[in-house]
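Heads up, the thing below is written out as C-alpha cells.
The values are calculated or read from the model by the stated rules, or taken from the named source; none is laboratory data. Everything numeric here is computed off the predicted structure, so don't read it as measured data. Neighbour counts are summed over all protein chains in view; Cβ atoms, including those assigned to glycine, are modelled from backbone coordinates with ideal geometry.
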Amino acid sequence: MRSSRKPSWSPLPHSKEDRERAKSVPETPQTMAPSYRLAWSDEDFMTQRDLRPVRLQLELLKPELILAERGIESTVVLFGGARIPEPGGPAWAAKNETQKKNLEANARYYQEAREFAQLCSKHSAEHDFREFVVVTGGGPGVMEAGNRGAADVGAPSIGLNIVLPHEQAPNLYVTPELCFNFHYFAIRKMHFIMRAKAVAVFPGGFGTMDELFETLTLIQTGRMERVPVLLFGKEFWDRAIDLDYLADQGTISPGDQHIIDAVDTAEEAWGIISRFYADDNKS
C-alpha cells in the first residue's frame, strides 16, 4: 500500500529498510528469541489480547488510506443475503424444499441488485469513479450481484469481507485493489457507512437486519445525516418488519418509519436517489 501523502525526506531509516535488515541478521540465540523481533512485524505480539486497541485502529486506518488514495469520496451501499442465488443458479443454502422454492423465487433480487449497481456505476463514471461507488460485503448472493453490476459497466467496486468460521472467499467481481478483509464487525460496519450517500437493502437474514437497523439507528438519533435508505422487495419487507406497528406502540416516534423507502425495481430506487440529491442540491 502506498501512502496518499508525498513522503518527505528524512535522515532516519525507513521502517521497511529496518525490516529487511532484521531478516539478514545472523541467527543466534539472542536474535532468534521472540523478544528480539521488531514489534510491529511480530505477528505473535500483534495478535495478543492487549493489542486489541491497536488492531482496531489499524483496521480503521488501512481501508481509509487506500480509499483516500483512490480518491473515493462517496459510496452506495448494497446490503443483502448471501444465500440468494443468481437466476437459474442453485439454491445452495436451502435446507428443505420450501426454502429451495423461496430462494429460487427470490433470485429476482439478485438481478435487481445487479441492475441497480449498473445504474449507480454509470452515474459514478460521470464523477471519475469518485462518487457513488458501489460497496458490498464482498461475499456471494446479493453482494456478488452488486459487485458484478459495477463490473458489467467497467466500474470499480469495493468489497468489505470478514473472516468467518466457515470459509468465505470474496466474490470474483470485487475490484482486487479495493477488496478488504476484516476481523472486527464493528469496524467493517463503520466503513460501510462512513461514505454512504445511499443504502440499498435487499432481502436477507440476521446480518442484513443488523446492518439495516444500525443504519436506521444512526439516522434516527442524528448521528448520521439523512440519506436514502431503500428496501428492495415491498412484499418481503412488509412481512419481515412492521415499523408501523412499532410507531403505533410508541416505541419509535411517529414518522420514523418514513426514514425508509420501499421499492421493487432498480429504476425506482435510482429515481429516489436522483431526486433526493437534485432537490437538496447535494450531488
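Among the residues of this structure, residue 106 counts as one that is surrounded by 17 or more Cβ atoms within 10 Å (Cβ to Cβ) and of a type outside the set (Phe, Trp, Tyr). Out of 146, 159, one residue alone is under 21 Å from residue 202 (Cβ atoms) and assigned to a strand (DSSP E or B). It is 159. Residues in region 118-136 that are buried (at least 24 other Cβ atoms within 10 Å of the Cβ) and either free of Cβ contacts under 8 Å to residues at least 60 places away in the same chain or out of contact with any strand residue (DSSP E or B) (no Cβ under 9 Å at 6 or more places or on another chain) (or both): 121, 124, 134, 136. Inside region 122-140, residues that are over 18 Å from residue 182 (Cβ atoms) and part of a loop (DSSP other than H, G, I, E, B) make up a count of 7. Scanning region 193-239 for residues that are closer than 22 Å to residue 111 by Cα and either of a type in the set (Ser, Thr, Tyr) or touching a Gly at 6+ places or on another chain (Cβ under 9 Å) (or both) gives 200, 201, 202, 203, 204, 205, 207, 208, 211, 212, 232.
Consider residue 146 carefully, then state whether it is within 14 Å of residue 116 (Cβ to Cβ), modelled with pLDDT of 95 or more and in contact with a strand residue (DSSP E or B) (Cβ under 7 Å, 6 or more places away or on another chain). Taking the combined requirement at face value, the residue satisfies it. The set of residues from region 143-178 being of a type in the set (A, V, I, L, M, F, W, C), under 23 Å from residue 59 (Cβ atoms) and either over 13 Å from the mean Cα position of the chain (by Cα) or loosely packed, with under 15 Cβ neighbours inside 10 Å (or both) comprises 163, 164, 169. Considering region 232-259, and only residues there that are within 22 Å of residue 84 (Cα to Cα) and touching a residue at least 40 places away in the same chain (Cβ under 8 Å), the residue that is surrounded by the most Cβ atoms within 10 Å (Cβ to Cβ) turns out to be 232.
Note on region 73-101: residues that are touching a helix residue (DSSP H, G or I) at 6+ places or on another chain (Cβ under 8 Å), in a loop (DSSP other than H, G, I, E, B) and closer than 30 Å to residue 119 by Cα total 12.
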